[in-house]
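The values are calculated or read from the model by the stated rules, or taken from the named source; none is laboratory data. Since we're looking at a predicted model, the values are computed, not measured. For neighbour counting, all protein chains shown are included, and Cβ atoms are generated from backbone atoms with ideal geometry for every residue, glycine included.
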Amino acid sequence: MSRLPMAARLTGLLASVLLIAGGAAACGSSGSGSSDAAAGATTTAAADAGKAPASSAFPVTIEHKYGSTTIKSAPKRVVTVGLTDQDAVLALGTVPVGTTEWVGGYKGAVGPWAQDKLGGSAAPTVLKDTGTGPQTEKIAALRPDLILALYSGLTKEQYQTLSKFAPVVAQPKGFNDYGIPWQQQTETVGKALGKEAEAKTLVDGVEAKFAAAKQAHPEFAGATAVIATPYEGTFVYGSQDPRSRLLTDLGFTLPKDLDKVIGDSFGANISKERTDLLDQDVAAWIVPDTTGAVAKLHADKLYGDLDVVKQGREVFIKETSDYGNAVSLSTVLSIPYVLDRLVPQLAAAVDGNPATKVEQPAS
């Protein structure tokens, strides 16, 4: 995996895929895919992990950006093309045979918050997405009987190509590419695996953690916040990005002009003239490091003179740490890990006392 700065790998990769996706027509053609060739495939130990879903749950049909996909029987060999979809699959007791690497360089593209879900099974085969789309031949070689591309920018052409090998569940309608909420991601994966009830239970459990954090910190309600990264200037995440949703799910309000500036995307670079978007009750930053990068930010007079800086209302998250990776993924498994670290930082930032230091988590 490239060792470019994390911000460049996250925003650069996604921006490249979105550029490709912009040329594809998002029409509602039906595509159930063909799983006949994969149906007789020998199931590996990894694919057999977890309790098999009841056969009565199938067939199921799932709507998405390119129409609908019917899954005729319980999947046993799942490949995740969506960059964060593996966590929901693992949380529901299935170990994918293939995952797509995005952050961290973790074995099997499985973060430390999800490692225990492997249950002794072999780590999944890791695929790459360099901005030109999924590795079609390598995916075909894994003989999948389900391909998940929920947190993705899959184009219609890519969807049609992958559908030749197995049923493909693409990103949903109604959200920007890479904009599916973690709740819908988890519940859609649950439906695809025949485990809707289990998925709902998982979602309820994480939402209870958000509720507990909001109850413990009523000061979050109505406070404004924004999350950004210093990538080719200042890259700010919009309301449909999972990182921004971490803030709103805790009760914070995003800047009112944010999506107008961002446009139809998960985030965008803002001009110097819109540095005011960063002057909120909290400015959260995903940074390469918490020393040099922060000093460089503060050296920019337009930003350094804002009240959010002068009053110590910033939160810094090291992008290449496990914590930073977990924030970027924002899944049903990574979010509890994030909340343990993020909530104390946010509380220190909005307590009204500029002398309160916002501590950095150990990892």
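Need at least 3 residues that are touching a helix residue (DSSP H, G or I) at 6+ places or on another chain (Cβ under 8 Å) per element, so show me which helices (runs of 4 or more DSSP H) inside region 288-345 make the cut, counting only ones lying wholly within it. It would help to see each step written out before you state the result.
Numbers: elements: 292-299, 301-304, 307-310, 322-329.
Answer list for region 288-345: 301-304, 322-329.
Of the residues making up region 116-129, those that are out of contact with any Ser or Thr (no Cβ under 6 Å at 6 or more places or on another chain) and either outside the structural domain of ALA140 (by TED's automatic domain parsing) or within 17 Å of SER328 (Cα to Cα) (or both) number 0. Where helices (runs of 4 or more DSSP H) fall entirely within region 141-234, those with at least 1 residues that are closer than 26 Å to ASP340 by Cα and among the aromatic types (Phe, Trp, Tyr) are at 182-192, 196-216.
Only strands (runs of 3 or more DSSP E) wholly contained in region 10-126 count here; list those with 1 or more residues that are polar (S, T, N, Q) and either touching a helix residue (DSSP H, G or I) at 6+ places or on another chain (Cβ under 8 Å) or at pLDDT below 80 (or both). Before the answer, list the steps.
On the way: elements: 60-64, 67-71, 78-80, 98-100.
By residue number, 78-80, 98-100.
The set of residues in region 165-196 that are of a type in the set (Gly, Ala, Ser) and closer than 18 Å to LEU333 by Cβ comprises GLY190, ALA192. The one condition from (1) surrounded by fewer than 19 Cβ atoms within 10 Å (Cβ to Cβ); (2) under 30 Å from ASP87 (Cα atoms) that GLY292 does not meet is (2). Total residues in region 120-140 satisfying the condition of being within 22 Å of the chain's Cα centre (by Cα) and over 22 Å from HIS64 (Cβ atoms): the figure is 6. Of all residues in region 200-209, those satisfying the criterion of being within 17 Å of the chain's Cα centre (by Cα) and either among the aliphatic types (A, V, I, L, M) or surrounded by 18 or more Cβ atoms within 10 Å (Cβ to Cβ) (or both) are LEU202, VAL203, VAL206. The residues of region 77-110 that are out of contact with any strand residue (DSSP E or B) (no Cβ under 8 Å at 6 or more places or on another chain), crowded, with 22+ Cβ neighbours inside 10 Å and closer than 26 Å to ALA197 by Cβ, listed by number, are THR84, ASP87, ALA88, LEU90, ALA91, LEU92, VAL95. Kindly check whether there is at least one residue in region 141-152 that is within 16 Å of the chain's Cα centre (by Cα) and more than 23 Å from THR94 (Cα to Cα). So far as region 141-152 goes, no, none of its residues is within 16 Å of the chain's Cα centre (by Cα) and more than 23 Å from THR94 (Cα to Cα).
The set of residues from region 341-363 being surrounded by 15 or more Cβ atoms within 10 Å (Cβ to Cβ) and small (Gly, Ala, Ser) comprises ALA347, ALA348, ALA349.
Of the listed requirements (1) assigned to a helix (DSSP H, G or I); (2) among the polar types (S, T, N, Q); (3) closer than 30 Å to THR80 by Cβ, THR275 misses just one: (3).
Checking each residue in region 184-196 for being within 20 Å of the chain's Cα centre (by Cα), in contact (Cβ under 8 Å) with a residue 60 or more places away in the chain and surrounded by fewer than 22 Cβ atoms within 10 Å (Cβ to Cβ) picks out only LYS191. Would you call SER363 polar (S, T, N, Q), at negative phi and assigned to a loop (DSSP other than H, G, I, E, B)? So SER363 passes the test.
Those residues that are among the polar types (S, T, N, Q) and either within 25 Å of LYS296 (Cβ to Cβ) or out of contact with any Asp or Glu (no Cβ under 6 Å at 6 or more places or on another chain) (or both), I need them from region 230-266; list them, please. The answer is THR234, GLN240, SER244, THR248, THR253, SER265.
Condition test on LYS272, is it modelled with pLDDT of 95 or more and farther than 25 Å from ASP177 by Cβ? No. Selection of region 96-115 for residues being of a type outside the set (Gly, Ala, Ser) and within 19 Å of SER330 (Cα to Cα) yields PRO96, THR99, THR100, GLU101, TRP102, VAL103, TYR106, LYS107, VAL110, PRO112, TRP113, GLN115. Of all residue pairs spaced 6 or more apart or on separate chains, those with beta-carbon atoms under 6 Å, a first member in region 230-251 that is at positive phi and a second member that is in a strand (DSSP E or B) are GLU232/ASN269; GLY233/ASN269. Restricting attention to region 249-272, the residues that are surrounded by 17 or more Cβ atoms within 10 Å (Cβ to Cβ) and either assigned to a loop (DSSP other than H, G, I, E, B) or outside the structural domain of ALA225 (by TED's automatic domain parsing) (or both) total 7.
Of all residues in region 161-181, those that are surrounded by fewer than 17 Cβ atoms within 10 Å (Cβ to Cβ) have Cβ atoms under 6 Å from Cβ atoms of residues that are among the charged types (D, E, K, R), 6 or more apart or on another chain, in LYS173/LYS65.
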